[in-house]
Amino acid sequence: MKKWLMLALALFMLSACNNTEDSKTEDLTASTEETESENEIGFEVLGDEIEEATNIPKEEQEAILAAFDEYIAAFNAKDIDRYVQTLSKNPKGFEYQEDVDAAKQAFAEYDIERTAKDTTIVKYSEEEAQVYANLDIQMTEIETNAALASSGRQVTVFVKEDDAWKVTSVYYIGNDSAQ
């Protein structure tokens with residue numbers, strides 16, 4: 001039974017994720033290079049230290065954090081129409097339709113509650129922002145009432161699209177359960 005829960009969690013975390021891996025160390029790094037541009041997406045967390053980007057205009061900071069909050073809230077509400085409004089139509093880190101289909105399946109089969117803590121914009125430019133958060137995930141299969149809890153660290157990458165911030169990729173690393 002735990003096997004299907006772990007599989008479901010993995011499937012769920014891959015929803016809107018193109019890079020998922022476990023880490024047993026306090027150091028956390030993820031990076032990828034986009035082939036169309038020289039932009040590098042990356043973050044590094046050492047222990048509990050999270051460094052906030054310093055060059056963010058207040059209005060943009062509020063808009064980015066509101067976009068992240070809406071992304072989490074729409075998913076928790078199991079509102080597919082609202083959730084897809086948070087996604088980029090041309091994402092770099094996932095296939096749009098695959099993510100929508102996976103979210104629909106997850107919404108139908110599970111009650112899932114994501115809780116974000118320590119939400120911080122760690123990288124910012126006028127075209128892109130990276131939002132770090134510690135996530136706690138509570139997941140219950142509707143049919144069997146079997147439950148699973150997990151936690152991890154996530155960086156959600158947003159791009160400016162039609163004057164709004166949209167999710168273009170997500171990087172998640174689960175916390176070691178032995179910590």
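Quick note: the coordinates plus some simple rules give every number you see, no bench work behind them. Bear in mind the structure is a predicted one, so any value in this text is a computation, not a measurement. With ideal geometry, Cβ positions are generated from the backbone for all residues, glycine too; neighbour counts draw on all protein chains shown.
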With a cut-off of 14 Å, note down the residues of the range 141-173 whose backbone N falls inside the zone around a label point 7 Å from the Cα of A108 toward its beta carbon. 142-143
How charged is the neighbourhood of E126? Take every other residue with its Cβ under 11 Å from the Cβ of E126, and add Lys/Arg as +1 and Asp/Glu as -1. -2
What shape does the range 78-179 take by its C-alpha gyration tensor, where a ≥ b ≥ c are the square roots of the eigenvalues and a/c under 1.5 counts as rounded, a/b above b/c as prolate, and the rest as oblate? oblate
In nm, to one decimal, how far is the E143 label point from the E95 one, both placed 7 Å along Cα→Cβ? 2.4 nm
Can you check what the net charge comes to around A116, using other residues whose Cβ is under 12 Å from the Cβ of A116 (Lys, Arg +1; Asp, Glu -1)? -2
For A67, what is the net charge nearby, where nearby means another residue's Cβ is under 11 Å from its Cβ and Lys, Arg count +1, Asp, Glu -1? -3
Of the cross-linked pairs K117/K160; K89/K123; K58/K89; K92/K166; K123/K160; K78/K104, which ones have a Cα-Cα span greater than 20 Å in the structure shown? K117/K160; K89/K123; K58/K89
For the range 86-179, which trypsin sites (Lys or Arg not before Pro) pass both filters: DSSP loop (anything but H, G, I, E, B) and at most 15 other C-beta atoms within 10 Å? K89
